[in-house]
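Note sheet for the following structure.
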Amino acid sequence: MKMASGIELTRECKHVFEQIRKMKQHRYVIFIIKDEREIRVDILGIRDANYDDFLRDLRRGGPKECRYAVYDYAYHHQCQGASSTCLKEKLFLMLWCPVQARVKDKMLYSSSFAALKRDFIGVQKCIQATEMDEACREAVEEQLRSLDRD
Amino acid sequence: MSGGTMLYGGDEIGALVFDPGHHSLRVGYAQEDSPKAEIPSVVGIGQAAQASDTNLDPETKTDNNVTPGNSDSRKFYVDTNYVNVPRSHMEVQTYMKDGMIDNWELFEKVIDYAYANVIQSEPEYHPVLFSEASWNVRNNREKLTELMFEKYNVPAFFLVKNAVLAAFSSGRATALVVDSGATHTSAVPVHEGYVLSQAVVKSPLGGDFLSRQCRQHLEKHGIDLSPVYKIASKDVVKERDNARCTLRKLPENLTQSWQNYMLQLMMQDFQMNVLQVLENPYDERVAAQIPTVHYEFPNGYHQDFASERFKIAESLFDNAMLGAGQLASTSVGMCDADVRLSLFGSVVVTGGNTLLQGFPERLNRDLQLRAPSNTRLKMISANGSVERRFGAWIGGSILASIGTFQQMWISSQEYEEAGKSQVERKCP
């Protein structure tokens, strides 16, 4: 069954997602719903970009704008009993609906979220955020680390 | 003919949104910010013999909502302006039961009224989106689909769970929706836009329960509860002085059901103005320090209410099994372990009863105690009373107006081809 709103992704979105997942070409990508019709690529983040760049781009449209984002997040993980750490990279998908956003946009973005989840295979964590305390680095990293068993 | 799909393009002709609840039915056009009308979920039923003398009432001469029954000659009164008038032998009855439409005959009267007096247009021009309780049963869903297509000839129809609408309109695809309405409080987990129906938990503690508590409390203290319809005029009296008012001359044989209904309306006003929930479990000393609230009854009697206003509201939370916090944590506990954290991370609070002062704060506290330690708990509640009361309607209004949603409707063509079972296939 289709998701509630009927909005679909463009082929470009899937292409960019694969560029990140397989080729590691970008650090992140931000998506936007255009004309209440389809999901399109809004901003691409270069591979060297950091998390602050991402948060700035996420809110570039203004404090009332909703967005989707995929970020390839890297962090150091210390396995239990091991003295050295290893670098982990995880993809997360974010639904960004700021509290101040219009109800119409909140509805549009949240009811179409299922389309991205369905088409982006390989995303390890889905994060919904309405305020900065949910989108900040600490909160996101905590969620990603909770996936590590030990 | 240019194919069925063009006939219900939502851009050309406004879709209608209906959101039925125990307190009222919300009706209006999609894409608008709030419903056009809020019609009480009760219908007044007058006796046939009364027909001649009710016609003397000025308001019944011209109103076209008094629908004569076909097989019997009962008269039906719909909407506040007609139901709230004292009439001999008029019984008041609701068509809702347990969050679902139960008395279809009365329900149809209300829909007839909505089309004639609120929408003022022909049903066959407007696609219709209905909201439903998350625990609605298949039989009921099919019956509603059948009714809308067969009786009202709607061009297209859709049915959405109200919890899903509430979650979406808060910007969440996954959320625990805590809805406290007139007859019950429920906790409904929504995961990626679908209700996890095996984990829905509900209790009968809602606004009506509080109304009964208020009534008991006030009657115990000997306060005269004469609703406004009994009062002709009143004098100004000092606080706690006996009321001085003159009573109206009323028709004889007012029914018990109508009088109870009017008393309930009065109690609803009382509870919204006076009651408040403490952030921590009820404590006489804490409650005594909070400023009192003044309330004047319809007969002119007035007084301050102090700690009792917290004590009455406390019953929504202090119940071991049915308290709102317990309800929410039980529901989360019945879901898969991997969605529990995201549910605790987005608790959407909606429903008219949650407008009770302090409700979201207390729920937050109770839930924090029951959630596993270091859980990130987040409560989301709309600030305005309109958004909180009409959350599901507003969600439906937006959904029905999204361009790409037009392909989701069950069209009349599809209904004709496959019948009422379409609703199970197309509306999750």
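Some notes on this structure:
- Here the stretch B:279-317 is the region considered, the condition is being part of a helix (DSSP H, G or I) and among the small types (Gly, Ala, Ser), and the residue that is nearest to B:Leu263 (Cα to Cα) is B:Ala313.
- Among the residues of the stretch B:163-182, those that are closer than 14 Å to B:Arg389 by Cα and not aliphatic (A, V, I, L, M) comprise B:Ser169, B:Ser170, B:Asp179, B:Ser180, B:Gly181.
Residues checked against (1) among the acidic types (Asp, Glu); (2) surrounded by fewer than 21 Cβ atoms within 10 Å (Cβ to Cβ):
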{"site": "A:Trp96", "(1), (2)": "no, no"}
{"site": "A:Arg102", "(1), (2)": "no, yes"}
{"site": "A:Leu108", "(1), (2)": "no, no"}
{"site": "A:Gly122", "(1), (2)": "no, yes"}
{"site": "A:Gln128", "(1), (2)": "no, no"}
{"site": "A:Asp133", "(1), (2)": "yes, yes"}
{"site": "A:Arg137", "(1), (2)": "no, yes"}
{"site": "A:Arg145", "(1), (2)": "no, yes"}
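- Residues (touching an Asp or Glu at 6+ places or on another chain (Cβ under 9 Å) and either at pLDDT below 90 or at positive phi (or both)) located in the stretch B:355-380: B:Gly358, B:Arg376
- Counted residues, the stretch B:336-354 - those being under 27 Å from the mean Cα position of the chain (by Cα) and either at negative phi or within 12 Å of chain A (Cβ to nearest Cβ) (or both): 11
- Residue check, A:Ile39 within 14 Å of chain B (Cβ to nearest Cβ), closer than 22 Å to A:Glu65 by Cα, hydrophobic (A, V, I, L, M, F, W, C) and outside any loop (DSSP other than H, G, I, E, B): yes
- Picking from residues in the stretch A:14-52 that are touching a residue at least 60 places away in the same chain (Cβ under 8 Å) and under 17 Å from A:Ser111 (Cβ atoms), the one that is farthest from the chain's Cα centre (by Cα) is A:Glu36.
- If you filter the stretch B:88-108 down to residues that are in a loop (DSSP other than H, G, I, E, B) and of a type outside the set (Phe, Trp, Tyr), you find that the one that is surrounded by the most Cβ atoms within 10 Å (Cβ to Cβ) is B:Met90.
- Tallying residues that are assigned to a helix (DSSP H, G or I) and within 13 Å of B:Gly351 (Cα to Cα) within the stretch B:157-207 yields 6.
- Failed condition for B:Gln368, given (1) under 18 Å from B:Arg172 (Cα atoms); (2) part of a helix (DSSP H, G or I); (3) more than 11 Å from chain A (Cβ to nearest Cβ): (1)
- Residue check, B:Gly333 under 24 Å from the mean Cα position of the chain (by Cα), within 30 Å of A:Ser146 (Cβ to Cβ) and either in the same structural domain as B:Ile223 (by TED's automatic domain parsing) or not hydroxyl-bearing (Ser, Thr, Tyr) (or both): no
- Of all residues in the stretch B:315-340, none that is farther than 22 Å from B:Ser211 by Cβ has its Cβ atom under 8 Å from the Cβ atom of a residue that is acidic (Asp, Glu) and surrounded by fewer than 15 Cβ atoms within 10 Å (Cβ to Cβ), 6 or more apart or on another chain.
The values are calculated or read from the model by the stated rules, or taken from the named source; none is laboratory data. Please read these numbers as outputs of a predicted model, since none were measured by experiment. Cβ sites come from the backbone with ideal geometry, for glycine too, and all protein chains shown count toward neighbours.
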